[in-house]
Amino acid sequence: MIKLSESGRLTRSLLQSEEIAALTRRGFCKGLVAVAGLGAVGLAAKPAHAAATINWMGWEEYGYPLRAGGYIEANDITLEGTFASSIESILTKLRGGGIGTMNIGMPTWNYVSLFQESGVLQEMDVSRIPNFKKLHSYWQNFEGNLYKGTQYSVPYLWGGLPLIYRKDMPLPVPQNWADLEKPEYKDQFCMIHDTTSTMWHWVYTVTGVPQASRITPKQLDDVIDYMIKIKKEHARMLAMSYGEGLDAVVRGEVQICAQGWEPMASWAKDMGADLDWTYPSEGSYGWMDTIILAKDAPYIDETYGLINHALDVEPQTVVGDVIFCGAVNPAAVPLMAPESRAMYRYDDIEAFYQNAPLIPLPPFEDDGKHATYDQWLEGYERFLKA
C-alpha cells in the first residue's frame, strides 16, 4: 500500500486538530512517479560550485519540470526542494523563517489570497517572464492570477477531482454523486480524506448552490450531516489518502473512488487495473496550481529565469507526460504522448471547468452570512470523528 505522511492543518494563525491531516491528492505520487520521473527528465547532479541556490517548496513531483531542459545546469544553479505535505505547510515554511531564503512556492490558486494576506509574497513582474505570453489565453486572462488587482502568481499545471471507477465493475457508472446512496453501490466505493476537496461535490449535492464555497452555516451543517450519513451507511471506507483509495480500487476492494484524481487511471495501469473517470452532474472540483514568488527572495534574476523556464515547452511536456496533469503552455501538447493529450480538454479549457469549476476558498472573515473557512474545517473535523 502506498504510504503518505501526515501534517497538521493550519488556519490563518492557529493549528487545528491533528485529525484534520492535510493528506493531499499529490502525496501518493511519491511512490508512483519518482522512478519514472527521475529517468524521464534526467535529473542532473548538483553543480560543485553553483552561482545561485534557488529554494522551492511544493509537491515532490513538481520539481521534475524545473529540472527538464538543462536550465539549471546552463545557469550553474543549485535547486533545493522542500516537499510540501499540504498547501498550508508552504505558508508555514514562509512564516517560520522562509522569508529571505525561499524563492518560489507552488500552492493552489485559491490559497494565494491567504498567502498575500499573511505578507509572505511579492508581486510578480510578468514582463520578466516572457513565456507567460505563450500560455493558453485562458490562463493568461485567469482572474485568479490577481489579488486585489495585483498579480502574485502564474499558472503552472491544472486538473480536476472526478469520480474514479473500475472499467470492469459490474455496476452502471454513477451519473450523480447522489447515486452513491442507491443500494447497489453500498460498500462499493470509498470516500477520500482531503478536507475541503472532499466536501465540494457534497455541497453541490445537498444545497444546489452555484458557488460551493459560499454557503450558510446551516447549509454547512446539512452538508456535514449528509457526508456522515454517506460515510457510515453507504461507503465501505474513508481512505486516508488518494494512494490508499487507489490501492483499494486496484485490489477490487471497492469499485469506485469518490472523489479521485485523473492521474490515478494512468498509474493504475502499471498496477494491473483499468480505471476511468467521470464528472457527475451536480459538479466536481477543478484546481490549478501556481508558482508564487516569496517576499525578499534571493537571486531574483535567476528565480525569474527559473519561473520562465517552468512555463517553457519542454518542462510543460513533462507536466503532461510524467506528472499526468494539465499543461498551461499549449505548444507542449502536441509533443505529449497521445494518452497524455487525451486526459484533458486542451481544445476547450473553459468547457473542462464547467462541471469541475475552480472554486475560491470560503471567506476567511465572518461576513454575517456565509460559513467561514475555519467553520468548514470545524465541520470537517466533525465528519472525521463521526
Margin query: Between the stretch 291-336 and the stretch 177-228, how far is it from one alpha carbon centroid to the other, in angstrom?
Written below: 34 Å
Check: Mind listing the phi-derived Karplus ³J(HN,Hα) values for the stretch 182-194, rounded to whole Hz, using 6.51, -1.76 and 1.60 with θ = phi - 60°, and x for any glycine or proline?
Finding: 5, x, 5, 9, 4, 6, 9, 9, 10, 8, 10, 7, 7
Notebook entry, point to check: What are the extents of the Cα atoms of the stretch 228-328 along their three principal axes, listed from largest to smallest and rounded to whole Å?
Noted result: 55, 31, 25
Checklist line | Semi-axis lengths, Å, the chain, gyration tensor of Cα atoms, sqrt of 5 times eigenvalues | finding: 33, 24, 19
Notebook entry, point to check: Ranked highest first by average number of other Cβ atoms within 10 Å, how do 254-263, 376-385 line up?
Noted result: 254-263, 376-385
Checklist line | Gaussian network model of the chain, Cα within-10 Å springs - most flexible of 91, 171, 275 | finding: 171
Item checked: From phi via Karplus (6.51, -1.76, 1.60), per-residue ³J(HN,Hα) for the stretch 275-284 in Hz, x at Gly/Pro -> 10, 9, 9, 8, 10, x, 5, 5, x, 10
Margin query: Given an 8 Å cut-off on Cα distances and at least 6 residues of separation, report the relative contact order of the chain as a percent.
Written below: 25 percent
Checklist line | Alpha-carbon spread of the stretch 71-155, three principal axes, descending order, Å | finding: 36, 34, 21
Notebook entry, point to check: With each run of n ≥ 4 DSSP H residues scored as -39500 (n - 2.57), what mean residue ellipticity at 222 nm is computed for the chain after dividing by its residue count and rounding to the nearest 500 deg cm²/dmol?
Noted result: -8500 deg cm²/dmol
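Values quoted throughout were computed directly from the atomic coordinates according to the rules given, and no laboratory measurement underlies them. Since the structure is predicted, the reported quantities are computational estimates derived from the model, not experimental observations. Virtual Cβ from ideal backbone geometry, glycine too; neighbours counted across all protein chains shown.
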